[in-house]
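Accompanying notes for the structure given below.
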Amino acid sequence: MKKIILGSMFLPLLLSAESSSYTNYSSSFNQSAFVPDIALIVDGSYVNRSVTDADMDNYTLAGSSLSDYNEFNTNSGFNLNYAELSLHSDVDQLFTLDGVFHFNVEGVEIEEAYFTTTSMPYSLQLKGGKFKSSFGRLNKQHQHVWDFADAPLVYNAFLTPEGLNHPGVQLQWLAPTPWYMMAGVEMMQSGEEGSFVNQTFTDATSSKEVVASNEPALYIGYLKNSFDIANASVLFGLSAAHGATKSEEASFDGATTIYGADLLVKNYFDSYSYLSWQSEVLQRDAKGDDTNTSISADYTQRGAYSQLVYAYDQNWRTGLRFDTIFHDSRQSDPNEIQNRYTVMAEYNPSEFSRIRAQYAHNRAFNNVTTGENQDINTFILEVNLAIGSHGAHSF
Amino acid sequence: MKKILLALLALSNILMAEINIAVSYPFIAALTKTVGGENVNITTLAKGNWDPHFVVPRPSLIRQVAQADLLIINGAGLEIGWMPPLIRQSNNAHIQPGTKGFLDLSQFVTLMNKPTAVSRANGDIHPDGNPHYATDPYYMPILANAIADRLVLLDAEHAAEYRNNAAAFEKQWQANLTRWDAVMKPFAGTKLLQYHELFNYFINRYALVSVGNIEPLPGINPSSRHTLELIQMMKEQEVKLILQDVYHSPKTAHYIAEKTGAKEVLMPHDVDAVHEADTLEKLYDTMIKRITLP
């Protein structure tokens with residue numbers, strides 16, 4: 001107290017002599033050191049297609065309208081596919097938090113927003129929020145990690161281009177085996193489109209009332225194994241997703257199960273050059289009634305893709321993909337094979353930029369008017385750029 | 001079933017009574033083995049002859065991080081491209097950064113070349129400074145003691161052993177340092193070209209002079225314009241030595257050597273980078289021999 005009085009007495013003096021005695025040079029409340037890792041990834045493309053954009057709405061794939069099944073590279077000409085803003089940081093000693101936001105011309109989408117635990121016992125990890133399911137191989141990867149500009153047909157048809165990406169929880173367990181073995185289960189809120197639509201509606205024809213299943217209505221499980229042979233890594237997984245399907249658009253009331261098997265063999269020749277072979281097979285079993293007729297409308301569909309990617313060095317990569325829907329019990333000829341062939345070449349000037357040219361010959365889309373499968377050739381020139389913190393990619 | 005497996009695992013750990021240690025690079029494995037002796041079981045995640053920046057985060061490595069009691073890394077951003085997904089997916093609470101099972105050796109080192117301006121227009125730079133401190137042999141006793149301190153913290157029972165091992169290593173290493181100083185002394189001031197700023201700590205230690213890099217920017221492949229400029233500059237400054245690392249293509253170094261008459265040396269940067277450098281001591285022996293022999 002005395003000091004303060006003395007100080008205040010000398011204050012005018014001090015001010016004239018040394019104005020800084022009470023100037024605070026420390027940033028007492030500065031929090032900038034706590035800024036999370038921030039990254040912005042922008043993806044755009046130029047597309048040239050052998051059919052018009054209006055025609056594309058006239059096609060179906062595996063019995064579903066294509067207008068629902070386009071997310072990237074939709075328009076002939078220029079596309080801004082997305083500007084992806086992602087934030088990541090530790091919350092505290094128990095959780096990390098991730099947010100991934102897709103900005104596009106229509107608005108902002110919360111692509112993902114989830115917490116992950118870091119210190120659970122027994123090799124367990126819990127994740128919660130809205131996140132991409134670890135079903136299969138491609139589902140949890142973001143578009144910019146894919147080896148091609150678009151998802152395989154079977155993913156688009158069975159899982160939607162958004163993939164299995166809903167609010168829910170995930171529990172993963174790493175087994176104490178000598179090789180890598182991981183098992184996971186997820187419970188999710190089922191979505192508004194795709195295989196696991198869950199709507200309450202009244203059928204317009206039969207006036208039948210369908211009540212949405214009590215949510216969460218989507219259950220997912222998977223088992224992944226991996227081991228190395230010399231410089232090659234082998235990763236194989238089995239997945240299943242089961243959930244209610246109550247769709248007004250498809251006049252369907254029942255449940256769907258999707259089974260998946262995936263295999264990846266990736267051989268590294270040195271630090272930069274590799275050859276990878278990745279394949280997945282998916283089967284969709286839908287069981288339920290047609291709400292128009294109340295007659296059983298069960299169906300089974302199968303699709304697959306297989307792709308080979310060769311990285312020559314850090315700059316150049318090229319790849320070949322074959323993908324197909326090879327069984328659809330709803331078609332007059334269930335085993336009619338519907339194929340697409342895709343080839344791509346990439347130049348990566350640095351780790352943070354990529355220019356990719358991709359050409360696809362597609363005979364998988366069915367023209368609603370003619371009933372015939374349509375030949376579609378698509379050329380895509382895609383540019384992907386990333387700034388900010390660059391999170392390391394998982395295998 | 002799960003419980004039985006877990007119990008078995010716990011039991012086997014008790015029986016072996018070893019500390020499972022995962023380390024990022026071979027030089028850390030060598031140091032840890034020297035200090036830890038028979039009480040530690042070491043797994044090295046990266047190979048010595050591959051680019052330390054680009055290690056593939058294979059699931060088999062997740063498995064190895066998952067069973068570790070201690071994870072020792074080089075730090076300073078060298079593992080940023082591959083270690084975070086391994087730690088995240090390991091579901092191992094014991095080795096998370098900030099716990100006593102996580103040791104970042106770069107905190108015992110004064111980093112060189114901290115950039116004053118951080119922009120990726122300048123290539124894939126390390127904002128904290130150059131992380132390749134392991135090319136300076138003087139750091140090894142410091143790191144050995146840091147590892148000993150951590151092992152004492154985790155396994156107090158063998159504290160004396162860890163301390164003694166570190167002290168013995170320090171003593172033996174001192175003789176090596178004296179020997180290497182003597183061999184390198186006449187070479188002080190030697191001008192050289194390197195591929196990436198991989199050997200800056202070595203260069204600094206023995207007062208060599210680095211005049212440039214074959215890569216135009218960190219992490220960017222050589223361009224013909226930059227290469228021609230280097231050849232011109234090397235002729236003007238009479239640079240007679242090129243240090244080529246083991247994981248980049250030596251094509252450009254061959255070309256420059258041919259045009260300038262400079263000696264091209266394949267330099268190991270880590271244990272096992274070349275066949276000859278299969279121990280920590282032989283790593284520096286090989287580096288020095290390759291530079292000093294005509």
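May I ask you to verify whether A:Phe103 is open to solvent by 40 Å² or more (accessible area, probe 1.4 Å), away from chain B (no Cβ under 14 Å) and part of a strand (DSSP E or B)? Yes; evaluated as a whole, the condition is true for this residue. Put simply, of A:Tyr180, A:Tyr219 the only residue that is closer than 24 Å to A:Ser134 by Cβ and without any contact (Cβ under 8 Å) to a residue 40 or more places away in the chain is A:Tyr219.
Consider region A:211-266 and keep the residues that are in a strand (DSSP E or B) and among the polar types (S, T, N, Q). The one that is farthest from the other protein chains (Cβ to nearest Cβ) is A:Ser247. Regarding region A:201-210, can at least one residue be identified that is open to solvent by less than 30 Å² (accessible area, probe 1.4 Å) and part of a loop (DSSP other than H, G, I, E, B)? Yes, that holds for at least one residue.
Residues of region B:269-287 that are touching a residue at least 24 places away in the same chain (Cβ under 8 Å), of a type in the set (Val, Ile, Thr) and open to solvent by less than 10 Å² (accessible area, probe 1.4 Å): B:Val271 alone. Being under 30 Å from A:Arg363 (Cα atoms), open to solvent by 10 Å² or more (accessible area, probe 1.4 Å), modelled with pLDDT under 95 and away from every other protein chain (no Cβ under 14 Å) is a description that does not apply to A:Glu109. Residues in region B:43-58 that are facing chain A (nearest Cβ under 7 Å) and of a type outside the set (Phe, Trp, Tyr): how many? Of the residues in region B:43-58, 4 are facing chain A (nearest Cβ under 7 Å) and of a type outside the set (Phe, Trp, Tyr). Contact annotation: residue pairs with Cβ atoms under 6 Å, 6 or more positions apart or on different chains, pairing a residue in region A:37-55 that is more than 11 Å from A:Gly77 (Cα to Cα) with a partner that is among the aromatic types (Phe, Trp, Tyr), are A:Asp43/A:Tyr82. Across region A:327-344, the qualifying residues are those that are open to solvent by 50 Å² or more (accessible area, probe 1.4 Å) and at pLDDT 95 or above, and the one among them that is nearest to A:Val47 (Cα to Cα) is A:Val343.
Can A:Ser296 be described as away from every other protein chain (no Cβ under 14 Å), out of contact with any Gly (no Cβ under 7 Å at 6 or more places or on another chain) and surrounded by fewer than 14 Cβ atoms within 10 Å (Cβ to Cβ)? The answer is yes for A:Ser296.
Of all residues in region B:17-49, exactly one satisfies the criterion of being touching a Leu at 6+ places or on another chain (Cβ under 7 Å), over 21 Å from B:Gln96 (Cβ atoms) and open to solvent by 10 Å² or more (accessible area, probe 1.4 Å), namely B:Ala30. Considering each residue of region B:87-104 in turn, none proves to be surrounded by fewer than 22 Cβ atoms within 10 Å (Cβ to Cβ), hydroxyl-bearing (Ser, Thr, Tyr) and under 22 Å from the mean Cα position of the chain (by Cα). So in region B:116-147, with the set limited to residues that are over 30 Å from B:Asn165 (Cα atoms) and in contact with a strand residue (DSSP E or B) (Cβ under 7 Å, 6 or more places away or on another chain), which one is surrounded by the most Cβ atoms within 10 Å (Cβ to Cβ)? Ranking the candidates gives B:Gly129 first.
Of the set (1) closer than 23 Å to B:Ala182 by Cα; (2) not in a helix (DSSP H, G or I), all apply to B:Met287 but (2).
Between A:Ala357, A:Ala386, A:Ala392, the distinction of being within 14 Å of another protein chain (Cβ to nearest Cβ) and assigned to a strand (DSSP E or B) belongs to A:Ala386 only. Condition first: of a type outside the set (Asp, Glu), more than 14 Å from chain B (Cβ to nearest Cβ) and open to solvent by 30 Å² or more (accessible area, probe 1.4 Å). Now tell me which residues in region A:267-293 satisfy that. Across region A:267-293, the qualifying residues are A:Trp277, A:Val281, A:Gln283, A:Lys287, A:Asn292, A:Thr293.
The values are calculated or read from the model by the stated rules, or taken from the named source; none is laboratory data. In this text the structure is predicted, and so the values were computed from the model without any measurement. All Cβ positions, glycine included, derive from the backbone under ideal geometry; neighbour counts span all protein chains shown. SASA here: full protein model, heavy atoms, side chains in, ligands and nucleic acids out. Shrake-Rupley method; radii C 1.70, N 1.55, O 1.52, S 1.80 Å.
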